[in-house]
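To start, the structure itself, in structure tokens.
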Amino acid sequence: MSRSPFRCAFQCAVVLLLALAFACPVHAANLKMEAKLIWGSNEPSKDHKPIDAALAEKLAATFKWKYYYIINTVVGDIPSRETRKLKVSDQCTLEITELEGPKIELKVIGKGVPVNKTVKQIVKGESITIGGDAENKCAWFIVLTQLE
Amino acid sequence: MATQQEHAALGDEKLVRLAQRGDMRAFEELVARHRDKIYARAFSMVRNEDDAVDLSQEAWVKAWQRLKQFQGESSFVTWMTRIVINLCLDHLRKAKRHRAESIEMMDEESGGVERQMPVVQINPTEGLERGEIRQRIDKALGQLSYEHRTVLVLHEFEQLEYKEIAKRMQCSIGTVMSRLFYARRRMANLLASFKRDELS
Amino acid sequence: MKPELELKLQAYVDGELSAREARDVETAIANDAEAQGLLRELQTTTAVLRQNEPQLAVPESREFYWSKIERAIEQTEREPVRPLVAFWFSLRRVLVPAAGLALVLFLAIASFKVNTTSDPLSHLAEVESLSEHVSSFSFRSHSHNMFVVWLHENTEQQASADMEPEFDDEILQ
């Protein structure tokens, strides 16, 4: 028995709509997180790219350093209730676990050793910044943001 | 859906597969089957009944959430035990900050005390019934500090290697070895003292 | 007996030494009665513990214990989205594309609602130092919508004001 072309097109449209429905970023599924490794200094540097103005303003308003440079940007998908690692540098890895809430558990691993764990509810638009002192009175920052 | 009786007849592997597909009754059977072991592990580490119940239940809830990640590389009960151990370690780390340490425990931590303990020449549990031995071991475990008890539980009961224990306790292998040495020596001396008390 | 030998003896009992190291230990203790006594004690203690792990039972009935777990699972779970494909395909009517479109709209709206939380406690966080060498403190900048965790190494100079970043007074209030 042959199908009518109309019925075929109709069923394709249904499949397409369903595909669109399931492709939507359902909040119970993946978290897309961006981690930016930033270097803060009181001396200008021509060798490094400055961070965007909005983020620079935020950091400058909170911390004492004048200049902020982007060292690395890493984006990762964190599936629901699972853990993913984002390697921001040779010495630093973030281990992010998506928890119910939605919350995340963020582990900072420095030189292979876990140093800090933070559990925080995710608020869209709010960033989580981890920082510490670096050599020559500079500082390092990791700014973690939810992308979608 | 299978009845409780039918589930009771299934092996862990089958129950896990059913539970992974959302069969809550299959998971309930797993809980019933292994709850004592998981609770006992929690209690051996935290030494508080209420905390052990709470932590073991939290472990089961976490296991349900992560069940799809269980691929069968180890037995289900081993996988469950790891979950409850991690929860207990987190719990103990948080509690440590608020715990008032006794002087004895501080002596334990500073090291060297174990060298003053005499070597126990005989098996201090020889001739005892198994139940009595277990009771004495339980009593002795309660007299160790949480760090020493934890390393002993992880090594002797979970049979983890030094490296694995160090990773879980977030300390160096050297620290694991020192703590384990102290814990074993203290256990031997405690068991010997219980025997002496019994004889006197 | 030297502490290093004591720990080596222990590692020998636990099978943590290489074959060569194990032979070295055997040689070292061959004529050392004290070391042999300690070795026997360690071996006996390990055997006694492993064969006699305390057995405990949950101090609650099966039903009560399970009921708390079941409640906690239900609280943490949302209703799963059932596979709709078979169900949709069974309806060969105009309702199918309309329902699909409604689902797309519903998911889009639900996603928007979840992401704009108005939970007043959303700024609370739990921060824990995992290393004895690193401490941390945290704060939230309301004006800049930023939660900060500052890590610092535990050194003798930790108390020095130079080590601490200067913060906006507004944040500390």
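The values are calculated or read from the model by the stated rules, or taken from the named source; none is laboratory data. These figures come from a predicted structure and were not determined experimentally. Heads up, the Cβs are rebuilt from the backbone with ideal geometry, glycines too, and the neighbour counts pull from every protein chain shown.
Quick notes on this structure:
- Helices (runs of 4 or more DSSP H) lying entirely in the stretch B:1-49 (those with 1 or more residues that are within 8 Å of chain C (Cβ to nearest Cβ) and under 26 Å from the mean Cα position of the chain (by Cα)): B:24-46
- Of residues in the stretch A:79-88 being modelled with pLDDT of 90 or more and over 13 Å from residue A:32 (Cβ atoms), the one surrounded by the fewest Cβ atoms within 10 Å (Cβ to Cβ): A:85
- Qualifying residue in the stretch A:77-95 (condition: at positive phi and in contact with a helix residue (DSSP H, G or I) (Cβ under 7 Å, 6 or more places away or on another chain)): yes
- Evaluating residue A:85 against the criteria (1) in a loop (DSSP other than H, G, I, E, B); (2) under 24 Å from residue B:62 (Cα atoms); (3) more than 8 Å from chain C (Cβ to nearest Cβ) leaves one unmet condition, (1).
- Test: residue in the stretch B:76-90 that is closer than 30 Å to residue B:185 by Cα, of a type in the set (Lys, Arg), in the same structural domain as residue B:22 (by TED's automatic domain parsing) and at pLDDT 60 or above: yes
- The listed residues are A:101, A:125, and the only one of them that is exposed (fewer than 15 other Cβ atoms within 10 Å of the Cβ), within 7 Å of another protein chain (Cβ to nearest Cβ) and out of contact with any Leu (no Cβ under 7 Å at 6 or more places or on another chain) turns out to be A:125.
- In the stretch B:38-57, the residues that are surrounded by fewer than 19 Cβ atoms within 10 Å (Cβ to Cβ) and touching a residue at least 12 places away in the same chain (Cβ under 8 Å): B:47, B:51
- Residue count for the stretch C:56-86 satisfying the condition of being among the aliphatic types (A, V, I, L, M), exposed (fewer than 15 other Cβ atoms within 10 Å of the Cβ) and modelled with pLDDT of 90 or more: 1.
- Scoring residue A:69 on the criteria (1) at pLDDT 90 or above; (2) surrounded by 19 or more Cβ atoms within 10 Å (Cβ to Cβ); (3) not β-branched (Val, Ile, Thr) leaves a single failure, condition (2).
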